[in-house]
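Read through the structure below, which is laid out as structure tokens, and then see the notes.
What follows is calculated from the coordinates using simple rules that are stated; it is not laboratory data. Please read these numbers as outputs of a predicted model, since none were measured by experiment. Cβ sites come from the backbone with ideal geometry, for glycine too, and all protein chains shown count toward neighbours.
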Amino acid sequence: LINSIEYWIDRFFQKDIVALSKILKEVENETTMGMEFIQHPKLQNSKAHIIGITGPPGAGKSTLVGKLTKLIAELGLSVGIICIDPTSPFTQGALLGDRVRMNELAKLNNIFIKSLATRGNLGGLTNSTSDLIQVFSAFGKDIVLIETVGVGQAEFEILNTADSVVLLNVPGLGDTVQTLKAGIMEIADIYVINQADRPGADESVKDLKMMLRESKKSDWVPPIVKSVATQNEGIQDILYAIQKHEYYLKSTNLWDEKRVSRRYKRLIEVTKNEFIKKLEEKIHTNSLYINIVKDLEEGKVHPVYASLIILKDMKITFEEGLNDKN
Ligand SMILES: Nc1nc2c(ncn2[C@@H]2O[C@H](COP(=O)(O)OP(=O)(O)O)[C@@H](O)[C@H]2O)c(=O)[nH]1
Ligand SMILES: [Mg+2]
């Protein structure tokens, strides 16, 4: 009984933290049980406001997540936090620091923290991130905060995952403008210059403003907020900007559109992964596949031809013009 899905689902809806933790773990590890949890009719919920906090290492993301969470909890809202840890050995120490600070937070009511190890891709979101968000949402979390390190790809992934993206930077960061030019900064809905107790904050705000004016692309004008996370300064302003963005999303239908497109992307992702798994399995066990791969490796057939043979075997029909001419 203790291993039955219904047992854990019942406990989950009794707001049992152990059940929440159990289900998050199973879903994170993509176990059979986890996959059953995530498909459970009662768990189809995407009401939570998903907020991505991103930016370079050391910008103050964890500190901000902490202060924001406290403020949100004071409003009577519940928060789920997902921390995506980069695997880089250089940041191990910092990560331990993060954990300690985060655990302090966890003692507060209504807050639950899930730390994820990234599998290889530095700071990247794992496949299961969107499922973990869904679990938090079904549990009744009003807000899910996701901390990711802004290195390359992860910044774009957070864009597809979060409703509102907050990008942290620090003043005088020489490459602020450089990053902007690379287009990376255009992902954010809210810009924060944290560590505004350090010199150059106003210049950074001015630079940002100019860049954003040039790249205006929607009705939403991303606000730029200065903060000193360690001193709890500017946190109210950041939360206000987040709430304003939530209102904007809901009043323009973007809120629903984002949910629809995320579910669709997940469908494609899961199907693609399963397909590739099947394919690789067959390539190692099925003689038709073994032979066609051998011919391919020996340069006897073109990859397109080999692919057609495989698709045909899988009974996947193809568009006109792509059908095999044999
Ligand atoms: N001076 C100053 N230091 C800050 C501020 N916010 C965070 N820090 C410090 O910057 C370091 C990195 O912060 P952390 O939140 O771990 O950054 P993260 O890597 O982006 O998560 C820590 O030592 C913080 O105490 C700030 O507003 N001003
Ligand atoms: Mg951190």
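Summary of computed values
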item: Computed FRET value (nearest 0.05) for R198 with V221, which takes r as the C-beta separation and R₀ as 25 Å; result: 0.45
item: Computed lengthening from I283 to D237, 0.36 nm per intervening residue step minus Cα-Cα distance; result: 11.0 nm
item: Those trypsin sites (Lys or Arg not before Pro) in segment 199-237 that DSSP places in a loop and that have at most 15 other beta carbons within 10 Å; result: K216, K217
item: Cα-based radius of gyration of segment 224-272 once divided by 2.2 N^0.38 Å, which approximates compact folds; result: 1.69
item: Residues K209 and T271, FRET efficiency given R0 of 30 Å [Cβ-Cβ distance, rounded to 0.05]; result: 0.10
item: Net +/- balance of residues flanking K22 in space, Cβ distance below 14 Å, scoring K and R +1, D and E -1; result: -2
item: Spatially proximal aspartates and glutamates relative to K315 (Cα-Cα < 17 Å; intrachain offsets below 8 disregarded); result: E274, E280, E281, D324
item: Rounded FRET efficiency, nearest 0.05, which uses the C-beta distance separating I5 from E297 and R0 of 30 Å; result: 0.10
